[in-house]
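Q: Just passing along the structure, written as structure tokens.
Each reported figure results from applying straightforward, stated rules to the coordinates on display, with no laboratory input. The shown structure was predicted, so the numbers you read here are calculated from the model rather than taken from an experiment. Cβ coordinates were reconstructed from backbone atoms using ideal geometry, including for glycine residues, and neighbour counts include every protein chain displayed.
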Amino acid sequence: MPIKIKIDNVRKGFPTDKGHLDVIQNLDFEVADGEFVAIVGPSGCGKTTLMNIMAGFLAPDSGAVKVDGVPRLGPNRKGVLITQQGSVFPWLTVRQNLLFGLPDDLANREVLAEEYAALVGLKGFENNYPHELSGGMLKRCEIARALVVKPEILYMDEPFSALDALMSLRMQNELLRILAKEKHTVLLITHDVEEAIHLADRILVLSPRPTRIQKTFEVGIPHPRRVSSPEAQALRVDILRELGVSETI
Amino acid sequence: MKGLRNSWSSIVVAAVLVATWWLTVIYTNSFIFPTPKTVVEGTLELARDGSLWEHIGSSLMRVASGFGLAVLLAIPLGLWMGRVHGAFVTMNPIFQILRPISPIAWIPISILWFGVGNASAIYLIFIASVFPMIVQTTVGVHTIEKRFLRAANNFDVPRGKFFLQVVLPATLPQIITGMRIGLGVAWLVVVAAEMIALRSGLGYMIMDARNAGNRYDLVVAGMIIIGLIGLLLDGLMRLLENMKIVRWRYAH
Ligand SMILES: Nc1ncnc2c1ncn2[C@@H]1O[C@H](COP(=O)(O)OP(=O)(O)OP(=O)(O)O)[C@@H](O)[C@H]1O
Ligand SMILES: [Mg+2]
């Protein structure tokens, strides 16, 4: 597989009242085309910062992010970011949100919007406003809005963390179903190790701040995966140990 | 049900106030101060000869012109100042100085510029309502949550679409708040302007009633009508808050 994203010696810090805060320290990694990479790490280590840099919303202090070999200088529709807090426009209906990213002169835009609303189970809610939806529906709307523009890369920053366990699992399955149909390169930040094992091809464990890649795990388990399987559980224990959590059952 | 109970208690309080007013006038044997009964009779008299409707009409016309002009200027200007940093740092200090000047202080200048007549009243209404609307609109743009602007930027949409589907609707609730404040101020100012420089309108009606024979029944009638119309205008603006496109702001 060709390399889709290259993080080349990226460094980032923030000026604060107490002086300079080093957040990301010389990070280097590559993501292959069509690969699903999950990133886990302690809270506040710089995951969101890293995602913002990769999606083009934040410039690194030094180093570069290259997408298809071209340095990324700003956000564009090639890679869509799904944020931790959610960003579905509350003043647009579900349909209008899905149509937002589609060019006005695209002939089948209405059809596409309808199709993607159905894909995430929002059929019948196209004319509802976001405040009339549940938290899970809102997340699905955001994912549909990102997918409908057929981005090559999907950046997801804890997309399911605000949902309850059951809903989170359902959303994970829906995501896998969608990804089986259309290929995207995906970067997923999560604090849920089982979610990472369930979804990703590769899991990067980040260290506390200033963050670097502490360890990389390949998830060699074929889909459909069962998180309760012995190999998945063994992987989970390994990752948790890396994060400094030793499990005593 | 709750609304009904609330309006019941308002009605009771109003009734107590009117009764107190009535009893006080009778008890003090005042010759000049009207009773509620004479006020109602005076109002009916004006309504019958048609002058009441003319006065209301001219006041509303002035408010509509001055406020309408202010809306036309304030919303584009406020949006522009909200989006363009250079415009904001240049214009904002000027507006911050002009804003606290009472519209009443503008009366001599408006008479100098526009003479004694409609134009000067409309100018006063304009000057009074334009600043709060500019400020509110600008604040509205500045307080658009960053996550929405980022999401919009992520999709590379053309500027026109960005403006019409993100900036404008995101600011609309604040624009409506500004319009409510602006219309309220406009209604305050029209009465003041008509008291000083005009021959028609509710403000003129009040001054005329006093000057032409101490008709305090008509003075009080004018005041109550001004209050009621003010309430009605605010209610009209509140209807804007019920528009579907701004419901998100008030939900939850
Ligand atoms: N704009 C900023 N200015 C100053 N400090 C910042 C800024 N953004 C982030 N930080 C700091 O950088 C560190 C990393 O923040 P970041 O949001 O990337 O963490 P995170 O790994 O996503 O955490 P979480 O898992 O809790 O979401 C934190 O200590 C945060 O306080
Ligand atoms: Mg984060």
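Q: List the residues, sorted by chain then number, that are 5 or more residues from A:M156 or on another chain and whose placed amide H is less than 5 Å from its amide H.
A: Here the answer is A:I82, A:L187, A:L188, A:I189, since their amide H atoms fall under 5 Å of that of A:M156.
Q: 5 Å is the cut-off here: which amide hydrogens, built 1.01 Å from N in the peptide plane, fall below it relative to A:V219, excluding neighbours closer than 5 in sequence?
A: Amide H to amide H, under 5 Å and 5 or more residues apart or across chains, A:V219 pairs with A:R202, A:I203.
Q: Also: Which one, A:D33, A:D17, A:D104, has the greatest fluctuation when you compute a Gaussian network model over chain A with C-alpha springs under 10 angstrom?
A: The residue that fluctuates most here is A:D17.
Q: What average count of beta carbons from other chains do you get within 10 Å of the Cβ of residues in A:74-83?
A: Across the residues of A:74-83, the mean count of other-chain Cβ atoms within 10 Å is 4.
Q: While we're on this one: Assign unit charges at the C-beta atoms only (+1 for Lys and Arg, -1 for Asp and Glu), then state the dipole size of the protein assembly as shown relative to its Cα centre in Debye, rounded to the nearest 20.
A: Dipole of the protein assembly as shown, to the nearest 20 debye: 320 debye.
Q: Now a separate question. With r defined as the distance between the Cβ atoms of B:A251 and A:S43 and R0 fixed at 35 Å, what FRET efficiency is calculated, to the nearest 0.05?
A: Between B:A251 and A:S43 the formula returns 0.70.
Q: Taking the 0 to 90 degree range and rounding to the nearest ten, how far is the long axis of helix B:118-142 tilted relative to the main principal axis of chain B, both from C-alpha atoms?
A: Helix B:118-142 sits at roughly 40 degrees to that axis.
Q: Count, for each residue of B:76-84, the Cβ atoms from other chains sitting within 10 Å of its Cβ, then give me the mean as a whole number.
A: 0
Q: Based solely on its DSSP helices, what 222 nm [θ] is calculated for chain B when runs of n ≥ 4 H residues each add -39,500 (n - 2.57) and the sum is averaged over all residues, nearest 500 deg cm²/dmol?
A: The helix-only estimate for chain B comes to -27000 deg cm²/dmol at 222 nm.
Q: Each residue of segment A:129-138 in turn: what ³J(HN,Hα) in whole Hz from Karplus with 6.51, -1.76, 1.60 and θ = phi - 60°, glycine and Pro shown as x?
A: 8, x, 5, 9, 9, 7, x, x, 5, 5
Q: Semi-axes, largest first, in whole Å: what does sqrt of 5 times each Cα gyration tensor eigenvalue give for segment B:34-250?
A: In descending order, the three semi-axes are 40, 20, 12 Å.
Q: Of the listed peptides A:130-138, A:95-103, what is their order by residue-averaged count of other C-beta atoms within 10 Å, with the highest listed first?
A: The most tightly packed comes first, giving A:95-103, A:130-138.
Q: Something else now. Give me the Å³ per residue figure for the convex hull around the C-alpha atoms of chain A.
A: 146 Å³
Q: If R₀ is 22 angstrom, what is the calculated FRET efficiency for the pair A:R11 and B:N92, using the beta carbon separation as r and rounding to 0.05?
A: For R0 = 22 Å, the calculated efficiency reads 0.05.
Q: Another one. Amide H of A:K4: which non-local residues (sequence gap of 5 or more, or other chain) have their own amide H closer than 5 Å, using H built in the peptide plane?
A: Correct list: A:V31, A:A32, A:D33.
Q: Any idea which of A:H131, A:S161, A:C45 is furthest toward the positive side of the dipole for chain A, if Lys and Arg beta-carbons carry +1 and Asp and Glu beta-carbons -1?
A: About the Cα centre, the residue reaching furthest to the positive side is A:C45.
Q: Could you work out which residue, out of A:K183, A:K78, A:K18, moves most in a Gaussian network model of chain A, that is, has the largest mean-square fluctuation with Cα springs under 10 Å?
A: A:K18
Q: Now for a different question. Taking chain A as the reference, fit the longest principal axis to its C-alpha atoms, fit the long axis of helix A:109-119 to the helix C-alpha atoms, and give the angle between the two in degrees, 0 to 90, nearest 10.
A: It is inclined by approximately 60 degrees.
Q: Per residue and in Å³, how big is the convex hull formed by the alpha-carbon atoms of segment A:89-150?
A: 68 Å³
Q: Now for a different question. What is the mean number of Cβ atoms from other protein chains located within 10 Å of the Cβ atom of each residue in peptide A:84-90, rounded to a whole number?
A: 5
Q: What whole-number distance in Å separates the alpha-carbon centres of segment A:177-249 and segment A:22-48?
A: Cα centroid of segment A:177-249 versus Cα centroid of segment A:22-48: 13 Å apart.
Q: For helix A:230-242, report the angle its Cα long axis makes with the longest principal axis of the Cα atoms of chain A; keep it between 0 and 90° and round to the nearest 10°.
A: Approximately 60 degrees, to the nearest ten.
Q: What is the dipole size for chain B, taken about its Cα centre, with +1 at each Lys and Arg Cβ and -1 at each Asp and Glu Cβ, in debye to the nearest 20?
A: 1080 debye
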